[in-house]
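To keep things clear, I will list the structure first and then write my remarks on it.
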């Protein structure tokens, strides 16, 4: 027989399967009778704790009856109590942006318990025609829709775990698929022109690291001199610079720049530096020392390899603008900063480097990510055609000799 809890503990019982359940009054029905909610847990203490939390919310007027809870209510709770605590600040910033601008406006007013697969499917279909958030031309990318699906699915998984819903309606929708897009790189001719022109720019050594070692932009900007051993020509990647939401009380800005640990263990890596890279970094260090002398007491040394004239971190947007200005000078069509990393990987493949070595250098956890670089460039196609042509010529020569 189930044992009732002691005084002041409420109605908590041990169930036949060994778990516990209890009830808590969350309000009154229209007829004035108490409205109760059943709580489940593995232990008596767990159930008691959940009941105490609900009673606190009820007394403060913050409790939302699950049967009346809207999607916007739950997703806000989930964002703060689950997503924010589990994810890196940069990841959570992306989640928050999608939740605020995409999910809540479309699904927010639907009751959580009434959310159906067709609501979600219609949402995904409409997203395909939605404009980009950054103001650029075109519609939202397929990769963004996939991220939104992942957020929504995780949110509903946790709703089910909390017994707010009996099933996950996102499981019954057609999962968005990513459209395969060609990775943009610099051609050999463009690369030669770019490398000559970029020497004139302040962050020359940074761009050289991207195209010569495959570093991500955030990894370049987070580099400290303590990560470099120019004598041994090695570089250690440990952190990345990123912009995240600023949730500090009375913050003057909505976002802030932070240095955070590399995303995965594979991202943390030590690489060998080419001689040209080491030489460029030495020259850059000499220039930085001169800037320190000019700035005097205004210079706050934070050990950044790429710093402002007074020692602060370099903003990604400034690093990007300088890169785009160089492309204009070179008469190269606009590409993202990541094109330098893509170019590095593609050149290694063209030179016959093993795909798994490239995976290690780039810091990819999954070899499938590295495989995007196995697209065949036009130059490789021409080389292959020339090789086939040579074989065909040999066959024609043999045939003529036999005749």
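The values are calculated or read from the model by the stated rules, or taken from the named source; none is laboratory data. Predicted, not measured: the structure shown is a model, and the values here were computed from it. So basically every Cβ, Gly included, is an ideal-geometry build from the backbone, and we count neighbours across all protein chains shown.
Numbers at a glance
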read-out	value
Sole residue being over 17 Å from the mean Cα position of the chain (by Cα) and either over 23 Å from residue 88 (Cβ atoms) or touching a residue at least 60 places away in the same chain (Cβ under 8 Å) (or both), chosen from 274, 251	274
Number of positions in the stretch 219-246 that are free of Cβ contacts under 8 Å to residues at least 24 places away in the same chain and surrounded by 15 or more Cβ atoms within 10 Å (Cβ to Cβ)	2
Any hit, the stretch 347-354, residues being closer than 24 Å to residue 236 by Cβ, in contact with a strand residue (DSSP E or B) (Cβ under 7 Å, 6 or more places away or on another chain), at pLDDT 85 or above and crowded, with 17+ Cβ neighbours inside 10 Å	no
Residues satisfying the stated conditions in the stretch 303-330, i.e. over 18 Å from residue 217 (Cβ atoms) and touching a residue at least 60 places away in the same chain (Cβ under 8 Å)	303, 329, 330
Complete set of residues in the stretch 17-31 that are assigned to a loop (DSSP other than H, G, I, E, B) and under 18 Å from residue 67 (Cα atoms)	29, 30, 31
Qualifying positions in the stretch 343-374 - assigned to a loop (DSSP other than H, G, I, E, B) and free of Cβ contacts under 8 Å to residues at least 24 places away in the same chain	351, 352, 353, 354, 366
Sole exception among (1) within 25 Å of the chain's Cα centre (by Cα); (2) assigned to a loop (DSSP other than H, G, I, E, B); (3) surrounded by fewer than 13 Cβ atoms within 10 Å (Cβ to Cβ); (4) touching a residue at least 12 places away in the same chain (Cβ under 8 Å) for residue 109, by number	(1)
Residue match in the stretch 184-202 (condition: farther than 30 Å from residue 286 by Cα, buried (at least 18 other Cβ atoms within 10 Å of the Cβ) and within 21 Å of the chain's Cα centre (by Cα))	no
Residue count, the stretch 112-131 (criterion: touching a helix residue (DSSP H, G or I) at 6+ places or on another chain (Cβ under 9 Å) and not in a helix (DSSP H, G or I))	4
Of all residues in the stretch 3-33 being surrounded by 11 or more Cβ atoms within 10 Å (Cβ to Cβ) and modelled with pLDDT under 80, the one that is nearest to residue 162 (Cα to Cα)	26
Extreme residue, nearest to residue 286 (Cα to Cα), among residues of the stretch 254-271 that are within 17 Å of the chain's Cα centre (by Cα) and loosely packed, with under 14 Cβ neighbours inside 10 Å	261
Subset tally (residues that are assigned to a loop (DSSP other than H, G, I, E, B) and closer than 30 Å to residue 362 by Cβ) for the stretch 257-301	9
Tally of residues being under 20 Å from residue 115 (Cβ atoms) and surrounded by fewer than 14 Cβ atoms within 10 Å (Cβ to Cβ) across the stretch 81-99	1
The listed residue being modelled with pLDDT of 90 or more and more than 29 Å from the chain's Cα centre (by Cα), out of 283, 307	283
Residues of the stretch 324-342 satisfying the condition of being over 17 Å from residue 201 (Cβ atoms) and in a helix (DSSP H, G or I)	338, 341, 342
